[in-house]
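Notes to accompany the following structure.
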Amino acid sequence: MKKKVFIDGSEGTTGLRINERFEGRDDIELIKIDPELRKDPAEIKKMINQSDITFLCLPDAAAIEAAEMVENDNTVIIDTSTAHRTLEGWAYGCPELSKEHREKIKTSKRIAVPGCYATGFIMAAYPLVNEGIMPKDYPVSIFAISGYSGGGKKLIGAYEEEGRDKKFDSARVYGLTQSHKHLKEMKAITGLDADPLFAPLTTNYYSGMIVEIPVYTKLLNKKKTPEELRDFLADYYKDEKFVRVMPFKEEEKEGNVLFSDAKSGWDGIEIYVTGNDERALIMTRFDNLGKGASGAAVQCLNIVLGCSEDKGLNL
């Protein structure tokens, strides 16, 4: 029997991408709201409670309101907003982190999809902290760059506007007050004692991102060379089809550089480790709209449904 799926916020970037990933699926019946009623609370509530699974692709306040509309005990909510990612009772939608994370997604009625930057950071840092290699009080800093699609419709419009301001030809640094919305989950999910230092960049391409963690190896609880860190992460994620821990020195094939848009349209994540015995760089490269948003949301849906996790996704 087909599962009824409702996307609240289907006209946004993430909602549209989720829709695309359902094309050709025979196990999903998309139920759609009348466009004239898409902001009518009564109609939204009706659609949510008619569904087996509802995706919330909304701003935080609207996502909180929508989650509170659920009266059907069987309805699963998959929220792509920031609102519920660190709340008790919500599964954190990154199954690769541990068996417990995957099982909680499978059995939960409330699933919060990770943020894009948070995905790149947590998938690199969580294993190191969890296994006692990186101390919880490590002074973490993050360098990250993303395509402009991660900023939503307003930022996309600014970049794609005809005759746009020339300032958008250059990199745009933000989060300058150290209050980026992904910091809360970065700290909570990894178990770090303090928020990382983090001010990301967007620049003039549509999608794809790199998240980079610089590491002084002497400050780790267990000093490891870059190659040893790479081998540790490769073993940690060895059974995960969405994660590719790249061979050591693989970046040499690209001329010892990495391009941040190289994985646009792909739903997995790459992990690179480079550097020398004193200073290592752990980097993740993926699509901010794929594993960083709608791809991860559909992966969570697939886990709930008990089908192959990559069904409808591009790996």
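The values are calculated or read from the model by the stated rules, or taken from the named source; none is laboratory data. Since this is a predicted model, take the numbers as computed values, not measurements. Cβ: placed from backbone, ideal geometry, glycine included. Neighbour counts: every protein chain shown.
Remarks
- Residue list for the stretch 89-109, filter: under 19 Å from the mean Cα position of the chain (by Cα) and surrounded by fewer than 16 Cβ atoms within 10 Å (Cβ to Cβ): S98, K99, E100, E103, K106
- Enumeration of residues in the stretch 246-258 that are in contact (Cβ under 8 Å) with a residue 12 or more places away in the chain and among the hydrophobic types (A, V, I, L, M, F, W, C): M246, F248, L258
- Condition met for G24 (at pLDDT below 95 and touching a Cys at 6+ places or on another chain (Cβ under 8 Å)): no
- Residue list for the stretch 196-252, restricted to those being over 23 Å from the mean Cα position of the chain (by Cα), among the basic types (K, R) and over 19 Å from N130 (Cα atoms): K249
- Scanning the stretch 276-310 for residues that are in contact with an Asp or Glu (Cβ under 8 Å, 6 or more places away or on another chain) and among the charged types (D, E, K, R), we see that the one that is farthest from L219 (Cα to Cα) is D310.
Results for (1) among the polar types (S, T, N, Q); (2) buried (at least 21 other Cβ atoms within 10 Å of the Cβ); (3) at negative phi, shown as yes or no for each residue.
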{"position": "Y138", "(1), (2), (3)": "no, yes, yes"}
{"position": "E162", "(1), (2), (3)": "no, no, yes"}
{"position": "D165", "(1), (2), (3)": "no, no, yes"}
{"position": "S170", "(1), (2), (3)": "yes, no, yes"}
{"position": "T177", "(1), (2), (3)": "yes, no, yes"}
{"position": "D193", "(1), (2), (3)": "no, no, yes"}
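- Residue match in the stretch 83-100 (condition: within 18 Å of D267 (Cβ to Cβ), β-branched (V, I, T) and modelled with pLDDT of 95 or more): no
- Taking the listed residues F168, F121, the one that is at pLDDT 95 or above and of a type in the set (F, W, Y) is F121, with no other qualifying.
- Count - residues of the stretch 17-64 that are outside any loop (DSSP other than H, G, I, E, B), in contact (Cβ under 8 Å) with a residue 60 or more places away in the chain and among the basic types (K, R): 2
- When the residues of the stretch 1-12 are filtered to those that are surrounded by 14 or more Cβ atoms within 10 Å (Cβ to Cβ) and touching an Asp or Glu at 6+ places or on another chain (Cβ under 8 Å), the one that is nearest to A297 (Cα to Cα) is V5.
- Filtered by the rule that a residue be buried (at least 17 other Cβ atoms within 10 Å of the Cβ) and acidic (D, E), the stretch 231-270 gives E240, E251, D261, D267, E270.
- Taking the criterion of being among the aromatic types (F, W, Y) and under 16 Å from the mean Cα position of the chain (by Cα), the residues of the stretch 114-142 that qualify are Y117, F121, Y126.
- Scanning the stretch 294-314 turns up one or more residues that are basic (K, R), closer than 29 Å to T75 by Cα and not in a helix (DSSP H, G or I).
- Test: residue in the stretch 106-114 that is more than 30 Å from C307 (Cα to Cα), part of a loop (DSSP other than H, G, I, E, B) and in contact with a strand residue (DSSP E or B) (Cβ under 8 Å, 6 or more places away or on another chain): no
- Scope the stretch 13-32; condition small (G, A, S) and surrounded by fewer than 18 Cβ atoms within 10 Å (Cβ to Cβ); matching residues: G24
- Within the stretch 163-190, residues that are farther than 30 Å from H101 by Cβ reach partners that are of a type in the set (S, T, N, Q) with beta carbons closer than 7 Å, at six or more positions or on different chains, in the pairs F168/N204; D169/N204; A171/T203; R172/T202; R172/T203.
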